[in-house]
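The values are calculated or read from the model by the stated rules, or taken from the named source; none is laboratory data. The structure displayed is predicted, hence computed values, not measured ones. Quick reminder, even Gly has a Cβ in these numbers, built from the backbone with ideal geometry, and neighbours come from all protein chains shown. The area values use the complete protein model at the heavy-atom level, side chains included, leaving out ligands, DNA and RNA. Shrake-Rupley method; radii C 1.70, N 1.55, O 1.52, S 1.80 Å.
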Amino acid sequence: KAAPASMATQRPLRILVADDSPVNQEVAKGLLELCGHQVTLDDDGQQAVDHFERAEFDLILMDIEMPELDGLAATRRVRAIEAERGGVRTPVIALSAHALVGFSAECEEAGMDGYLAKPIRPDELFDLTRSLADQTAPPAILMKS
């Protein structure tokens, strides 16, 4: 299935996807590559933190429940690394199969910028990447205070 025409003009983003499910990784990678984005896959939060220390990313999609280091702890480490570097804040979007009622405050406290429900809906993912690529308005999925 081809990406919508609006996707073809997106500025390519460097996106880190941290998820312990190979199926979720491949779905996210396939959708993101349709838009021309560069995708790095990690199986757990520790791998994601290690990758973040070595490379720059425009977006991180972070599963909440992973072995080694969960998404909340990994996001806290990413934010600590950014504070040390004094650099740009990388958007971190939580991925979760669970309803996040009452959980969004915990995600925000950890430094996450929003969330996507799993299974990933292509239109929500495309809206997110398009808003980041355009750098106009913040993504519609960002958590509300």
Residues of the range 125-145 being farther than 21 Å from residue 82 by Cβ, out of contact with any Pro (no Cβ under 7 Å at 6 or more places or on another chain), open to solvent by 50 Å² or more (accessible area, probe 1.4 Å) and at pLDDT 65 or above, in sequence order, are 130, 134
Test residue 43 against the criterion of being in contact (Cβ under 8 Å) with a residue 24 or more places away in the chain and either buried (at least 18 other Cβ atoms within 10 Å of the Cβ) or at positive phi (or both), and give yes or no.
-> no
With the first residue restricted to the range 82-96 and required to be over 16 Å from residue 58 (Cα atoms) and open to solvent by less than 80 Å² (accessible area, probe 1.4 Å), and the second required to be modelled with pLDDT under 95 and not charged (D, E, K, R), Cβ contacts under 6 Å at 6 or more apart or on different chains are 95/116; 96/64
